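Before any comments, here is the structure.
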Number of protein chains: 2
Amino acid sequence: MTTEITQKGKLAKRASYTMNTLTTAQKNEALQAIAKQLVVDADTILAQNALDITAAEAQQLPASTIDRMLLTHDRIQAMADAIELLIDLADPVGEVLEDFTKDNGLHVQKVRVPLGVVGMIYESRPNVTIDAATLCLKTGNAVILRGSSSAKHSNMALVASIHTALATTDCPVDAVQLIEDTSREAAAELFHLTEYLDVLIPRGGAALINLVVREASVPVLETGAGNCHIFIDASANVDMTKSIVLNAKTQRPSVCNAIESLLIERSWFATHGVALFEALAQANVTIIGDDAVQAAFPATTAATDDDWGHEYLDLKLSVKVIDDVFEAITHINTYGTNHSEAILTEDAANAQTFLRNVDAAAVYHNASTRFTDGFEYGYGAEIGISTQKLHARGPMGLPALTSTKYIGIGNGQIRG
Amino acid sequence: MTTEITQKGKLAKRASYTMNTLTTAQKNEALQAIAKQLVVDADTILAQNALDITAAEAQQLPASTIDRMLLTHDRIQAMADAIELLIDLADPVGEVLEDFTKDNGLHVQKVRVPLGVVGMIYESRPNVTIDAATLCLKTGNAVILRGSSSAKHSNMALVASIHTALATTDCPVDAVQLIEDTSREAAAELFHLTEYLDVLIPRGGAALINLVVREASVPVLETGAGNCHIFIDASANVDMTKSIVLNAKTQRPSVCNAIESLLIERSWFATHGVALFEALAQANVTIIGDDAVQAAFPATTAATDDDWGHEYLDLKLSVKVIDDVFEAITHINTYGTNHSEAILTEDAANAQTFLRNVDAAAVYHNASTRFTDGFEYGYGAEIGISTQKLHARGPMGLPALTSTKYIGIGNGQIRG
């Protein structure tokens, strides 16, 4: 164990016991202070961000990666504005979920409590630093942040700004810890920091998430990887299909709830397939298809078996022609990542079969998969989209950052 | 991977898709058939159990272990009776937890769904086989059971009886799988069976639970280990204290919610300590104390630092004299297992401080820790007591065996 990780773990754990006692007003004052300080510190933060950007350019990282890392005055203001919205959200801590009194008079309540110490391990975007820290503070948690080495200067400047703000509030400065060692070894230590970490949340690409799920002994909230499908059934409305498929693929191809794969029922394909592919091609989407698709639409790239499980996060779409809703369900349950899946059909029975049997966090009938999102669902904040089945599934709002506790009040009750 | 585990994993996964479509009535019919079949098969089951008992006696296993393994006609009838009670419980699957319609008309419901395939890994008691299988079936899950080698014949006979029963119902026989290979290697394979297992629940001693938590990449529901404390504050009522401490220690010392350690405020100890120890000694409890306790009560065994973290599950009690509620909280958060913790006090402020700051699934004021139990809480069934913070904490009833799914019904909605 490095000194840094155990020390920061210990400090975060101790701070979590103070966080647990803060009122909603105290936590909101701390958030308000952070929102103000970020704007005050903007020039310093941008200067540090420039170091990361220069290094990224020197390493010739992809333009899209550099854009995600880039901070501007507007982006810092957007972080501050998001904190203002978070302040207005209801505090889940203290909510009474069950309340019963036994015949012997023992009164038991099940109440929401903070998780304790949340570990966040994430990739290039520095705004996750502010997001994660403020969502954790709002829910009475301490947080240990571990960003990527490429955003190290930005993250240090952002956390320095948070610390400046917290020092003026009742919220302990130690409640937000940034791990400065961005080596793989340091990440591996976090995976096993069960003494101090209550949960570990990875945010980033499939490789990072799979690594954390495979290696960590700390409980993990698996987020994000989305190999999402749309199944076009025989009776799918043609105009609706075109509109939804284009939206789900092209509106923002780099996000987890965009579709990566299209399954088309054979008769619908024969009649309407080419027109749909032409519309997709016009939107610069590359079609990666099976033999049937290649035969009908020569601009198609040949799909290999690997394509069915691939998350492109790009203007690429794998397409397979299939027989019916049952083949769609089997294909999705085999190759999907349990994120967001849609059926387009006018057949109510097929819709029900699909919605019931596809194993995913969110399933849709005649709507775009792009709706799977904490803000779209009205949660006002999102710590990630869970693709696992325990604790939270789908978009995770503030309650996902809480646990529960049974509190029993008696006057001498013993068990008979 | 052994053929057995991947084969049974695959069969269970496939069966889980059928389980997911069954109505409550269909599941209850299957449970009814199992309850009947167990009684029909009782002689066969007892004959197989006798083989395990004979082997256990030959290996000179402890009498308490052999008693936990022993089946009788009464115990089989008790299993059948428990199934009848389970049939009467509400089915959580299908419950609508959220329901909202967006401005664009997209209607979204968050509904409870089965977890899928539940893995249970457990120690000697064969009744867990029936418990786990029936709770999983009630909640629409398939289950993979992995009991101990010492109860192998009993478990095989019990699962054979379940299979005979299920063959007459709509519930697939493959929904209940027993792993017959009871080697450590087979257990290790289960830990990483992420392709087929949605959750792994260990039930048994601390060594088993720690092994699963440390090794498994399948999400784990940590259950059971209970190093529980009572803190006797300065103002604790003397008679109530004696009654609660005796109950929590002696009513059933082998269970996880019995106390293992007593923390006594210094002034209360000076006045009432010896009388309490005499009452405990009369109930055959061995006191394992710090220096102050040894000085006051010569029959005390000297405590080492290891004792503060030890779960005796026996008529032994570690005792430490401390200064106040803050020392109690720090001690419990350091050495406890986040299970059940109690404060005995007439001081409301100290009670609040304790209840808020002790990090445990259940905290009590002036009541015995023995109440932490699914049946005591009125849940009617219990798959275990969770000592982790994700998904479920404390006694886990049927909802702990479910996940959720968002179902969105639209008529062409796309994201703007």
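Does B:A55 satisfy the criteria of being at pLDDT 95 or above and either small (G, A, S) or crowded, with 16+ Cβ neighbours inside 10 Å (or both)? Don't jump to the end; show me each part of the working.
Details: at pLDDT 95 or above: yes; either small (G, A, S) or crowded, with 16+ Cβ neighbours inside 10 Å (or both): yes.
Yes.
Output the number of the condition that A:A392 fails; it satisfies all remaining conditions of (1) assigned by TED's automatic domain parsing to the domain that holds A:G204; (2) farther than 25 Å from B:G119 by Cα.
Condition not satisfied by A:A392: (2).
Each row is one residue, and each column tells you yes or no for (1) in contact with an Asp or Glu (Cβ under 6 Å, 6 or more places away or on another chain); (2) within 21 Å of A:F354 (Cα to Cα).
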position: A:L190; (1), (2): no, no
position: A:E222; (1), (2): no, no
position: A:N227; (1), (2): yes, yes
position: A:M240; (1), (2): no, yes
position: A:A258; (1), (2): no, yes
position: A:G273; (1), (2): no, no
position: A:L280; (1), (2): no, no
position: A:I287; (1), (2): no, no
position: A:D291; (1), (2): no, no
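Please work out if B:T337 is closer than 30 Å to B:S267 by Cα, at pLDDT below 95 and more than 10 Å from chain A (Cβ to nearest Cβ).
On the way: closer than 30 Å to B:S267 by Cα: yes; at pLDDT below 95: yes; more than 10 Å from chain A (Cβ to nearest Cβ): yes.
For B:T337, the condition - closer than 30 Å to B:S267 by Cα, at pLDDT below 95 and more than 10 Å from chain A (Cβ to nearest Cβ) - is met.
Restricting attention to segment B:394-411, which residues are within 7 Å of chain A (Cβ to nearest Cβ) and more than 20 Å from A:A349 (Cβ to Cβ)? Show your work before the answer.
Taking segment B:394-411 first, the residues within 7 Å of chain A (Cβ to nearest Cβ) are B:394, B:403-411.
B:G394, B:S403, B:T404, B:Y406 - these are the residues of segment B:394-411 that are within 7 Å of chain A (Cβ to nearest Cβ) and more than 20 Å from A:A349 (Cβ to Cβ).
Suppose the filter is of a type in the set (A, V, I, L, M, F, W, C), assigned to a strand (DSSP E or B) and modelled with pLDDT of 95 or more; does A:I162 pass it? Explain how you work it out, then say what you get.
Numbers: of a type in the set (A, V, I, L, M, F, W, C): yes; assigned to a strand (DSSP E or B): no; modelled with pLDDT of 95 or more: yes.
No, not satisfied.
So which residues in segment B:165-189 are at pLDDT 95 or above, among the small types (G, A, S) and more than 24 Å from B:L401 (Cα to Cα)?
Once the filter is applied, which keeps residues that are at pLDDT 95 or above, among the small types (G, A, S) and more than 24 Å from B:L401 (Cα to Cα), segment B:165-189 yields nothing.
For A:A25, all conditions in the list (1) surrounded by fewer than 21 Cβ atoms within 10 Å (Cβ to Cβ); (2) of a type in the set (A, V, I, L, M, F, W, C); (3) in contact with a helix residue (DSSP H, G or I) (Cβ under 7 Å, 6 or more places away or on another chain); (4) closer than 19 Å to A:V93 by Cα hold save one; what is the number of the exception?
(3)
Would you pick out the residues in segment B:387-398 that are within 22 Å of A:D198 (Cα to Cα) and not β-branched (V, I, T)? Talk me through it step by step, then tell me what you get.
Applying the first criterion (within 22 Å of A:D198 (Cα to Cα)) to segment B:387-398 yields B:387-396.
Result: B:Q388, B:K389, B:L390, B:H391, B:A392, B:R393, B:G394, B:P395, B:M396.
Considering only segment A:276-289, state which residues are assigned to a strand (DSSP E or B) and surrounded by fewer than 19 Cβ atoms within 10 Å (Cβ to Cβ). Before the answer, list the steps.
Let us first name the residues in segment A:276-289 that are assigned to a strand (DSSP E or B), namely A:286-289.
Matches in segment A:276-289: A:T286 only.
A:V118 - would you say it is more than 20 Å from B:Y379 (Cβ to Cβ), crowded, with 24+ Cβ neighbours inside 10 Å and within 12 Å of chain B (Cβ to nearest Cβ)? Give the steps one after another, and end with the answer.
Values: more than 20 Å from B:Y379 (Cβ to Cβ): yes; crowded, with 24+ Cβ neighbours inside 10 Å: yes; within 12 Å of chain B (Cβ to nearest Cβ): yes.
In short, yes.
Just the residues that are more than 26 Å from B:T65 (Cα to Cα) and surrounded by fewer than 23 Cβ atoms within 10 Å (Cβ to Cβ), please, taken from segment B:194-213. Talk me through it step by step, then tell me what you get.
Here is the first cut: in segment B:194-213, the ones more than 26 Å from B:T65 (Cα to Cα) are B:194-199.
Listed by number, the residues that qualify are B:T194, B:E195.
If I go through segment A:290-314 residue by residue, how many of them are under 29 Å from the mean Cα position of the chain (by Cα) and outside any loop (DSSP other than H, G, I, E, B)?
The qualifying residues number 5.
Give me the pairs, please: first residue somewhere in segment A:160-186 and within 17 Å of A:L197 (Cβ to Cβ), second residue anywhere and basic (K, R) and not in a helix (DSSP H, G or I), beta-carbon distance under 9 Å, and either six or more positions apart or on two chains.
Matching pairs, first to second residue: A:L178/A:R146; A:I179/A:R146; A:D181/A:R146; A:A186/A:R146.
Mind checking which helices (runs of 4 or more DSSP H) fall wholly inside segment B:178-275 and carry at least 1 residues that are closer than 30 Å to B:A160 by Cβ and within 14 Å of chain A (Cβ to nearest Cβ)?
Details: elements: B:184-191, B:206-215, B:238-250.
So the answer is B:184-191, B:206-215.
So, of the residues in segment B:395-416 that are more than 14 Å from B:R112 (Cα to Cα) and polar (S, T, N, Q), which turns out to be surrounded by the fewest Cβ atoms within 10 Å (Cβ to Cβ)?
Step by step, filter segment B:395-416, then rank; the result is B:N411.
In segment B:354-386, what count of residues is obtained for those that are within 11 Å of another protein chain (Cβ to nearest Cβ) and surrounded by 20 or more Cβ atoms within 10 Å (Cβ to Cβ)?
Total meeting the criteria: 20.
Within the set of pairs 6 or more residues apart or between chains, which connect a residue that is under 22 Å from A:D198 (Cβ atoms) inside segment B:318-335 to a residue that is surrounded by fewer than 16 Cβ atoms within 10 Å (Cβ to Cβ) with Cβ atoms less than 6 Å apart?
Hits for this filter: B:Y335/B:G309.
Exactly one of these conditions fails for A:S254: (1) buried (at least 20 other Cβ atoms within 10 Å of the Cβ); (2) within 26 Å of the chain's Cα centre (by Cα); (3) modelled with pLDDT under 95. Give me its number.
Going through the list (1) buried (at least 20 other Cβ atoms within 10 Å of the Cβ); (2) within 26 Å of the chain's Cα centre (by Cα); (3) modelled with pLDDT under 95, A:S254 breaks only (1).
The values are calculated or read from the model by the stated rules, or taken from the named source; none is laboratory data. Keep in mind the model is a prediction, meaning the values are calculated, not measured. FYI the Cβ positions are ideal-geometry reconstructions off the backbone, even for glycines, and counts take in every protein chain you see.
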